[in-house]
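A.B. asks: After the structure tokens below, expect a handful of questions from me.
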Amino acid sequence: MSETSRDTSRDTSRETFRERAAKLDAADPLAPQRELFALDDGVYLDGNSLGALPLHVPARVQDVLTRQWGELRIRSWGESGWWTAPERIGDRIAPLVGAAAGQIVVGDSTSVNVFKAVVAATRLASLAGEGRDEILVDATTFPTDGYIAASAARLTGHRIVPVDPADVTGALGPRTAAVLLNQVDFRTGRLHDLPALTAAVHAAGAIAVWDLCHSAGALPVGLDEHGVDLAVGCTYKYLNGGPGSPAYLYVAERHQAAFDSPLPGWNSHADPFGMTPDYAPADGSVRGRVGTPDIVSMLTLEAALDVWDGVSVDAVRAKSLALTDFFLECVEAYVPQGRVVSVTPVAHAERGSQVALRCAEAEPVMRRLIERGVVGDLRRPDVLRFGFTPLYVGFADAERAARVLAEVLDEVPAG
Ligand SMILES: Cc1ncc(COP(=O)(O)O)c(C=O)c1O
């Protein structure tokens, strides 16, 4: 094929994809949500790392600072609802992850909540009998979960068993106390089977702890429906809570009375202002609190959650799959053969809301993509990550990202 005829066929296919993107965007029921966010004319595909700012949030935070803090000062703990913010905002997140009210508390980082959940899980497991001395941990996990679980294991006298999520069932046994898994793998975007794995963990008599960082706000989780025991997640990705916004902890109602936090701070006391030397845990999700909440960050998150009003997570999931399907199709059509290999599963049942492409020249490629306004990120050494946040990413964005990727790959010589 001559250069000229190859270019012509490429142009034709690009035109077709652009037309399809325009039709898909026009028919997208979530398209109006994009207007709620502060975005520029680039393509933002890093919402799986840091969600975009909802436009109404700065004014709400301004009110928190100037009126609630500046004018009401200490009165705001009661009058502005500061004291009850962790459980109130937990109840806002609950429907997004399929949990009834009263089981989620917001606060601390995901890392800290992993610690609370893993230690508490081993304590719950020990109530059922002796001899459970193993904690199974996703071998491909985001590193913090592994580091924290290892420390929790040392503290509680357990042994860590690293296990690929695909092999969890075979690794479970009478010695398993707890299993810590990610619903969506941060590197590949692979979605693990939360219902089946939770059922397998329960069949082995163990406690299932799920990290929802890459799934909450991107797909239906169904915590209550699938009988998850404990879960944690961050709020700065698909929930758009802002940089460093607080994480959350889910404790299923059936475990709350026995939930024994390894960080029983005064905020989790049944009578925190009794200031007694003896600890008596509060009932319900409050038991997962530790110390004074980070109010400014927390109320920023609370305001940001307004963008979910009237939005169904099923609609978000449908768009997420359509977007990632379309992006993969555009990449296949535009990108020269062999330059990138998708490590994200094709099967919908195994895909989260990001596409990860292995590329030998990932570092210079991502640098150039960002220079041209297509913002994804890089997981060293060779993974290009593109996160698709259905609330503000459209099909034209997906087409443009693939097109710019192909252009950049034309410029960066294959190593
Ligand atoms: C799966 C997963 N778990 C945990 C974390 C870290 O959470 P934090 O920094 O809030 O402790 C991240 C951060 O991106 C993550 O992707």
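The values are calculated or read from the model by the stated rules, or taken from the named source; none is laboratory data. Model, not experiment: these values are computed from the prediction. Note that each Cβ is placed from the backbone with ideal geometry, even for glycine, and that neighbours are counted across all protein chains shown.
A.B. asks: Restrict the check to segment 147-156 and report whether at least one residue is buried (at least 23 other Cβ atoms within 10 Å of the Cβ), within 16 Å of the ligand (Cβ to nearest atom), part of a loop (DSSP other than H, G, I, E, B) and at pLDDT 95 or above.
C.D. replies: Checked against the condition, which is being buried (at least 23 other Cβ atoms within 10 Å of the Cβ), within 16 Å of the ligand (Cβ to nearest atom), part of a loop (DSSP other than H, G, I, E, B) and at pLDDT 95 or above, segment 147-156 yields no hits at all.
A.B. asks: Given the structure, is Val346 surrounded by fewer than 18 Cβ atoms within 10 Å (Cβ to Cβ) and closer than 22 Å to Phe395 by Cα?
C.D. replies: yes
A.B. asks: Every residue in segment 168-206 that is over 26 Å from Arg317 (Cα atoms), in contact with a Ser or Thr (Cβ under 9 Å, 6 or more places away or on another chain) and among the basic types (Lys, Arg), please.
C.D. replies: Hits for segment 168-206: nothing passes.
A.B. asks: Additional query: Hey, Glu130 hits all of (1) of a type in the set (Asp, Glu); (2) away from the ligand (no atom under 12 Å from the Cβ); (3) at pLDDT 95 or above but one; which does it fall short on?
C.D. replies: Single failed check for Glu130: (3).
A.B. asks: In segment 294-342, how many are crowded, with 18+ Cβ neighbours inside 10 Å and in a loop (DSSP other than H, G, I, E, B)?
C.D. replies: So the count comes out to 4.
A.B. asks: Here's another thing I want to ask about it. Read through the list (1) β-branched (Val, Ile, Thr); (2) more than 17 Å from the chain's Cα centre (by Cα); (3) within 15 Å of the ligand (Cβ to nearest atom), then give the number of the only condition that Thr235 fails.
C.D. replies: Of (1) β-branched (Val, Ile, Thr); (2) more than 17 Å from the chain's Cα centre (by Cα); (3) within 15 Å of the ligand (Cβ to nearest atom), only one is false for Thr235: (2).
A.B. asks: How many residues, within segment 221-244, are out of contact with any Cys (no Cβ under 7 Å at 6 or more places or on another chain), touching a residue at least 60 places away in the same chain (Cβ under 8 Å) and surrounded by 24 or more Cβ atoms within 10 Å (Cβ to Cβ)?
C.D. replies: The total comes to 11.
A.B. asks: Let me ask you something else. Report whether or not Val119 is of a type in the set (A, V, I, L, M) and touching a Pro at 6+ places or on another chain (Cβ under 7 Å).
C.D. replies: yes
A.B. asks: When both residues are 6+ apart or on different chains and their Cβ atoms are under 7 Å apart, which pairs have a first residue that lies in segment 40-52 and is among the small types (Gly, Ala, Ser), and a second that is not in a loop (DSSP other than H, G, I, E, B)?
C.D. replies: Close Cβ pairs (under 7 Å, with a partner that is not in a loop (DSSP other than H, G, I, E, B)) amount to Gly42/Val374; Gly42/Val375; Gly47/Gly387; Ser49/Asp377; Ser49/Gly387; Ala52/Phe37; Ala52/Tyr44.
A.B. asks: Kindly indicate whether Ser245 is part of a loop (DSSP other than H, G, I, E, B), of a type in the set (S, T, N, Q) and more than 21 Å from the chain's Cα centre (by Cα).
C.D. replies: When the stated conditions are applied, Ser245 does not pass them.
A.B. asks: Determine whether segment 187-202 contains at least one residue that is more than 10 Å from the ligand (Cβ to nearest atom), more than 30 Å from Val341 (Cα to Cα), surrounded by fewer than 24 Cβ atoms within 10 Å (Cβ to Cβ) and in contact (Cβ under 8 Å) with a residue 40 or more places away in the chain.
C.D. replies: No, every residue in segment 187-202 fails to be more than 10 Å from the ligand (Cβ to nearest atom), more than 30 Å from Val341 (Cα to Cα), surrounded by fewer than 24 Cβ atoms within 10 Å (Cβ to Cβ) and in contact (Cβ under 8 Å) with a residue 40 or more places away in the chain.
A.B. asks: Among (1) among the aliphatic types (A, V, I, L, M); (2) outside the structural domain of Thr84 (by TED's automatic domain parsing); (3) over 23 Å from the mean Cα position of the chain (by Cα), which single condition is Val316 missing?
C.D. replies: Unmet for Val316, out of (1) among the aliphatic types (A, V, I, L, M); (2) outside the structural domain of Thr84 (by TED's automatic domain parsing); (3) over 23 Å from the mean Cα position of the chain (by Cα): (3).
A.B. asks: Looking at Ala208, Ala218, which is the one that is under 14 Å from the mean Cα position of the chain (by Cα) and within 25 Å of Ala100 (Cβ to Cβ)?
C.D. replies: The match here is Ala218.
A.B. asks: Which residues, counting only those in segment 160-176, are under 27 Å from the mean Cα position of the chain (by Cα) and among the charged types (D, E, K, R)?
C.D. replies: Hits for segment 160-176 are Asp164, Asp167.
A.B. asks: Continuing with this model, one more query. Do we have any residue at all in segment 107-119 that's within 16 Å of the ligand (Cβ to nearest atom), charged (D, E, K, R), more than 17 Å from Asp224 (Cβ to Cβ) and assigned to a loop (DSSP other than H, G, I, E, B)?
C.D. replies: yes
A.B. asks: Any chance segment 203-217 includes a residue that's surrounded by fewer than 17 Cβ atoms within 10 Å (Cβ to Cβ) and within 30 Å of Leu55 (Cα to Cα)?
C.D. replies: no
A.B. asks: Further, regarding this structure: Return the only residue of Arg60, Arg88, Arg92 being of a type in the set (Lys, Arg), outside any loop (DSSP other than H, G, I, E, B) and closer than 21 Å to Asp314 by Cα.
C.D. replies: When all the criteria are applied, what remains is Arg92.
A.B. asks: Suppose the filter is touching a helix residue (DSSP H, G or I) at 6+ places or on another chain (Cβ under 9 Å), hydrophobic (A, V, I, L, M, F, W, C), surrounded by fewer than 19 Cβ atoms within 10 Å (Cβ to Cβ) and not assigned by TED's automatic domain parsing to the domain that holds Gly387; does Ala280 pass it?
C.D. replies: yes
A.B. asks: For segment 11-31, enumerate the residues that are free of Cβ contacts under 8 Å to residues at least 12 places away in the same chain and under 18 Å from Val404 (Cβ atoms).
C.D. replies: Asp11, Glu15, Thr16, listed by residue number.
Quick grid of which residues meet (1) over 19 Å from Ala398 (Cβ atoms); (2) of a type outside the set (A, V, I, L, M, F, W, C):
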{"residue": "Val286", "(1), (2)": "yes, no"}
{"residue": "Thr300", "(1), (2)": "yes, yes"}
{"residue": "Val316", "(1), (2)": "no, no"}
{"residue": "Thr324", "(1), (2)": "no, yes"}
{"residue": "Cys330", "(1), (2)": "no, no"}
{"residue": "Arg339", "(1), (2)": "no, yes"}
